[in-house]
Each structure stands twice: as C-alpha cells, then as structure tokens.
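See structure below.
The values are calculated or read from the model by the stated rules, or taken from the named source; none is laboratory data. From a predicted model like this one, the values you see are computed outputs, not experimental measurements. With ideal geometry, Cβ positions are generated from the backbone for all residues, glycine too; neighbour counts draw on all protein chains shown.
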Amino acid sequence: MSKFNILNCTNAQGKYTFVIQRNKGKNGYKKIVSLGNYEKLEKQNKDYLVVLRNLIKNVNWTNDPQEIKEYLLSNFLKSGLVKTVWVNDGVKVIYKVIKKLGIYNLLPKTKHKDLEALLEYQIASKILSENSILKRFEQKDEYQNNIECQKTTFYNFLDILADNQDAIFKGINNKITQETDRNIELIFYDSSTVYFESFVREGLRVPGYSKDGKFKEDQVVIGMATDENGIPIMLKVFRGNTADCNTFIPFILEMKKTYNLKKVTIIADKGMSINRNIRFLEANGIDFIISYRLKTSSKEFKKFALDEEGYKQINLSTRYKEYKYNSHWNGKRVNENIRRRIITHSISRAKKDKEDRRNLINNFIKKQNSQGVVTADNIIGIKKYKFYKKVGKMEFTLDYSKILEDEKFDGYYVYETSRMDLKAADLIEIYHKQWQIEENFRTLKSALRVRPVYVWTDKHIKGHFILCFISLIVQKYSIYLVNKYYKQNGEVNFMTNDKFSDAINSKLSCNEVLDGKIIRTFSINSSSNEKVKIYNDIN
C-alpha cells in the first residue's frame, strides 16, 4: 500500500499540486515532488485530484521522486474523466430470495460462468424496473452484479428458460410448498391478453379480443394459476385468438400432469363458466367454485333467485340461499353429479351495480347528438355499452327496457360449485381470494411490463413470459414472507408491490469509475425513515 498522497498547496510562487508523505512518528507531512500548477492540471482534467490519488496507490515509497513524477504525469494524460455511477445495492435482497428458492439449480449445467449472475439480475431488475431486455443489458452496471457477458447472452437466456419450463415451474412449486403453508388443493385460475407492437403476424401472435382495448394489434393469451396466498403456481401461453373459456381445459390438463395433482378445487370467474368446462372437471374428478351468470340463466332459475323466500342472513348486509340440481348437458344428458349454486344478495354490491350502470348510461349520453342518437363510429371501441338498441342502419339509442331489466339483479351474485361440504360463508370467503390473481395480472402488465413484448420468435416469446412469471413468483413470495413476519410480530403493517420495490430501489451506493475501474464506493442513506425501515424488514 502506498504511503504517499496528493495535496494542493499555495505558496509565494503560486498554486501547486504536490506528492506528499506523512512524517514517521510525527505530525504533519513532507513534500516529495511537485507535479506543477494545479490550475493547469485542472484544465487538462477536472477530476485531476481523484485521478492522481488513484494513480499514487501504485507507487512504492522507495521510488525516486523524479520517477514518481514522470509516472504520475504520463498516466494522468492518458486518463479519462471520473464517472459517477449510482448502483442499486438493495437488489441483493432479491438475490437472496432467488437463492433460497434454488432457481439456478433447476437449470441445466453449463460452462457459462455468468449464468447464475445473469439469472439473478434478469429476475431482480424485472421486478424493480420496467425496462426491456436491451435496456437491462445497457443498465446492468447500475445494479449490484458480476455479469460480464454480451448482449446476445441476455436473449439466449430466454431459450434456456423456454426449454426448461416444466422443471423450473415444478421445482419452484416444490420449494414454495416446503417453505410456506401453500395449500395446493385450492387453485385460482384466470386468463388475460397481452398485445404486441409488431409488423409480422405469425406463430402465437394473432389478433383476437383484447382486454387492453388493442383490437388492431397482434396478441397472445396467457392463462395463470395462483395459490390462496397470491403466489403464482403456473403460466401457459396461448395463440392470440383463443377465447378465455377455451384456455381452461388445456391449462388444467397440463397443470395436472406437471404437478401430479390428485385432490384439487379450481376457483375461476364467470369467463370459464361454460358447461363444457364444468363437465370436463366433473369427468376428471376435479372440484370447482366458479362464478355463474345469473342474468343469462334460465327463466326458472332467475325466478328462484329473485324470489325473497328462503334467504338466510350471513351478516347484516349479505343474505343467501341455495339451489341444487343434477348436472346435465344442454338440459338433457344427465350424469350422476350434483351441482350446487349459492345465490347471494349484498347491499354494498347493489350500490356498486347501480353506480356502474349509471356510469355506463352517462358515458352513452355524452356520445348522443341532439336527437338522442349515437352513431356506430362512436360505439365502436367503447367497452360495455349494453343499454342501447339499434334504431337505424348505423344509429343507436338508449333502451330503457334493458335498463329496467338490469336493475332487477342489482346486488345479486351466484357461485356454482361441486363442493357439498363447504358452508356458504366459507365458500364465499374462498372465492373472494380471486382478487389476488387479478392483481397478479395487473402486476404482470404494469410493474413487470409484460406488455408490449419486443421479442419475435415463439421461443423468445415463451421465454419472456416465463421470465416475467418467475419474477412475479419471487416478488409475491418475498411479500408473503414480509407480511408473515409482520403478523407473527403483531405489527400493524402490510407489504405491497409498490412498497417492496420503492424500499429496495432506495438502497443505493455510488461508484466512482475511472478508465473502466471502480476506484471508490460509498453508501447512500435514504432520506425516508419509512423506506429504511421497510428495507430492513425485507432484509
């Protein structure tokens, strides 16, 4: 280690920069050699002091003073400016979770020395930023990591994920089952669409009904299953023109095979509530709790549901009654299975249904001309305009009979199930955890930026979704652990996606980089006490 330092001094002759050495056993220092006027040095490089102090570290104290000067000044002229790079240190917490889940061990053995670091960085940066793969490659120095690979390796990593999907999903599921109270007997299912900004229509990417309102864009459909803690279990990608209800059977078959499921209850919304899906579940001995469309049901069932007789109170604002019937196909082919419907009426839901309808009507009215007519151009692309009727070739007006009919069902909600053992209140409580899978889709589409997707081959598309899905698992599992910690310690707090990301992104350090090498690092403390506490809780 060098015993020299660099110091600016002012004397009668002017302002100079000196190499100095501390006096042995004494206070103060002695000047070894002058490097010249420091104003001239500063004109050559504004970071001259940092550069010279970094160079002096390589100087041995036995060197001749003139040799020291020549070494410093010659290398000083070759040096660039000092760059300040802010580095996310909090990302190391996510790396710990990835190691805890053993994800790297699920990949095939390879000679690529950066694969584990690349895996950890790709997952963590996906959670903490909305960047594309290219941007993540360009910004890798802004995160704590040991990656030295090229840009192509970032894209080739997607192929590795696509080729090993089943092993990855199964391995992560086994680990989470060991580490949590995961009840694999309750599985929540839903699907959604993801659009592409592309010029080539092929493979998985085809047009279809878009839940994002991107009807002119190509898209894919994704199905996802989640446990009751909100931690994802499995994801599957479908062609963009696949209807929601048609994703259900192939997804369940693949999940049943991958995880060797025996006894399981599938919870899904009314988008999956078609007779073909339910008969499939019955034929395979799979229980279900699925939302049922009351407004499109038979006259007989509507009459039963709207009849006040037979309702029992669950609580002050919610009541229910039950309806059991033999499972059948198109009202004819009956099997030995019994289906059970729980009809509920809630005061709060009635208020919400009324408000939602009022908003739809008001939105329609805003489009009307002076004759109360809305043209087809103003109807297209507007979601849920359903209270209107056609009065001309391309003209529409409000249909008050539809409004009155819709009002009858305010507050009603129906659950259909094969489970005869559950009390109505317990069944409703289970179904209401469906919001967690809906939140997972929102997280995929916003925080994890699963859309739009700037990858083109089917294999890269699949790998991209697997990467997003693994990132979602790691994020939700981390949040689960923190909330479990809060609960065990009696702390009134709740971790969310935003709190999690904000706290980790607030843990920074600063690197001073000279000629591609880090010459100094120092930590940056967050000015927010709340973020510091949350980060410590996560860690």
**Pairs with Cβ under 6 Å, 6+ apart, first in the range 223-242 and acidic (Asp, Glu), second not in a loop (DSSP other than H, G, I, E, B)** = Asp227/Ile233; Glu228/Leu186; Glu228/Lys433
**Request:** Report whether or not His345 is surrounded by 11 or more Cβ atoms within 10 Å (Cβ to Cβ), assigned by TED's automatic domain parsing to the domain that holds Ala283 and modelled with pLDDT under 85.
**Result:** no
**Prompt:** Is it true that some residue in the range 476-491 is surrounded by fewer than 20 Cβ atoms within 10 Å (Cβ to Cβ) and small (Gly, Ala, Ser)?
**Reply:** yes
**Request:** Consider only pairs whose beta carbons are under 9 Å apart and that are at least six residues apart or on different chains; among these, list those whose first residue lies in the range 43-55 and is outside the structural domain of Ile20 (by TED's automatic domain parsing) and assigned to a helix (DSSP H, G or I) and whose second residue is surrounded by 17 or more Cβ atoms within 10 Å (Cβ to Cβ) and not small (Gly, Ala, Ser).
**Result:** none
**Request:** Tally the residues that are more than 15 Å from Arg419 (Cα to Cα), part of a loop (DSSP other than H, G, I, E, B) and under 32 Å from the mean Cα position of the chain (by Cα), restricting the search to the range 268-306.
**Result:** 4
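Suppose the filter is at pLDDT below 85 and in the same structural domain as Ala424 (by TED's automatic domain parsing); does Gly208 pass it? Spell out the reasoning first.
Numbers: at pLDDT below 85: yes; in the same structural domain as Ala424 (by TED's automatic domain parsing): yes.
So Gly208 passes the test.
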**Complete:** Pairs returned, first residue in the range 477-495 that is farther than 20 Å from Thr177 by Cβ, second residue that is surrounded by 14 or more Cβ atoms within 10 Å (Cβ to Cβ) and among the polar types (S, T, N, Q), beta-carbon separation under 9 angstrom, 6 or more apart or interchain, are Tyr486/Asn493; Asn493/Asn483; Phe494/Asn483; Met495/Ser478; Met495/Asn483
**Asked** What are the residues in the range 149-166 that are closer than 11 Å to Leu467 by Cβ and among the acidic types (Asp, Glu), if any?
**Response** none
**Prompt:** In the list Ile470, Ile538, Ile504, Ile461, which residue meets the criterion of being at pLDDT 90 or above, of a type outside the set (D, E, K, R) and surrounded by 19 or more Cβ atoms within 10 Å (Cβ to Cβ)?
**Reply:** Ile470
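Being surrounded by fewer than 16 Cβ atoms within 10 Å (Cβ to Cβ), in a loop (DSSP other than H, G, I, E, B) and assigned by TED's automatic domain parsing to the domain that holds Ile184 narrows it down to one of Glu309, Glu322, so name that one. Don't jump to the end; show me each part of the working.
Working: Glu322 fails: in a loop (DSSP other than H, G, I, E, B).
Glu309 is the lone residue from the list that is surrounded by fewer than 16 Cβ atoms within 10 Å (Cβ to Cβ), in a loop (DSSP other than H, G, I, E, B) and assigned by TED's automatic domain parsing to the domain that holds Ile184.
Against the condition assigned to a helix (DSSP H, G or I) and modelled with pLDDT of 85 or more, how does Thr443 come out, does it pass?
Details: assigned to a helix (DSSP H, G or I): yes; modelled with pLDDT of 85 or more: yes.
The answer is yes for Thr443.
Take Ser273 and decide whether it is small (Gly, Ala, Ser), farther than 15 Å from Phe188 by Cα and at pLDDT below 95. Reasoning before the result, please.
On the way: small (Gly, Ala, Ser): yes; farther than 15 Å from Phe188 by Cα: no; at pLDDT below 95: yes.
No; evaluated as a whole, the condition is false for this residue.
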**Request:** Just name the residue that is modelled with the highest pLDDT out of those in the range 373-388 that are outside any helix (DSSP H, G or I) and exposed (fewer than 12 other Cβ atoms within 10 Å of the Cβ).
**Result:** Ile380
**Complete:** Exception for Met420 within (1) in the same structural domain as Ile231 (by TED's automatic domain parsing); (2) surrounded by 15 or more Cβ atoms within 10 Å (Cβ to Cβ) falls at (2)
**Prompt:** Consider Phe396 against the criteria (1) over 30 Å from Tyr325 (Cα atoms); (2) touching a residue at least 40 places away in the same chain (Cβ under 8 Å); (3) part of a strand (DSSP E or B); (4) not basic (Lys, Arg): it satisfies all of them except one. Which criterion is unmet?
**Reply:** (2)
